[in-house]
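The values are calculated or read from the model by the stated rules, or taken from the named source; none is laboratory data. Because the structure is a prediction, the values reported are computed rather than measured. Using ideal geometry, Cβ is built from the backbone for each residue, glycine included, and neighbour counts are taken over all protein chains shown.
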Amino acid sequence: MNERTRLLGELHSLSKLLHGSWVERYSTCSRKNCKCHQGERHGPRCYLVVNKNGRQRQKYIPNSQVATALDGVKQHQRALEIIDKITRVNLELIKARTYEKVE
Ligand SMILES: [Zn+2]
């Protein structure tokens, strides 16, 4: 199997990828006697900050989904690496004038 085929196969496996910035927040609630007002704030609550139409949106990630979502953020990083590698392979093919012959 050539390198590009292998890379495309790996890209296919990155089904949980998430493109965004990870944010964890601690907060205080409206109950006046709650310990969160003495410094033990609630949290963390996790969010993924995503760009939509040039604006940032914070998407809440429920605790039950956090582990998988963190994995998804890593998968996006790997996808970018793979795209860079495929670009390098394709540039070599262009240099060799064989780019259009490869499936
Ligand atoms: Zn509280």
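Can you spot a residue in region 41-54 that is surrounded by 11 or more Cβ atoms within 10 Å (Cβ to Cβ) and part of a helix (DSSP H, G or I)?
No, region 41-54 contains no residue that is surrounded by 11 or more Cβ atoms within 10 Å (Cβ to Cβ) and part of a helix (DSSP H, G or I).
I'd like the residue in region 1-16 that is assigned to a loop (DSSP other than H, G, I, E, B) and modelled with pLDDT under 95 and, out of all such residues, is surrounded by the fewest Cβ atoms within 10 Å (Cβ to Cβ).
Applying the filter and picking the extreme gives M1.
Checking the condition more than 30 Å from N2 (Cβ to Cβ) and either outside any helix (DSSP H, G or I) or modelled with pLDDT of 95 or more (or both), which residue from R57, R78 passes?
R57
Kindly establish whether R78 is more than 27 Å from the chain's Cα centre (by Cα) and among the charged types (D, E, K, R).
No; evaluated as a whole, the condition is false for this residue.
So, in region 17-31, how many residues would count as being loosely packed, with under 11 Cβ neighbours inside 10 Å and more than 9 Å from the ligand (Cβ to nearest atom)?
Here the count works out to 0.
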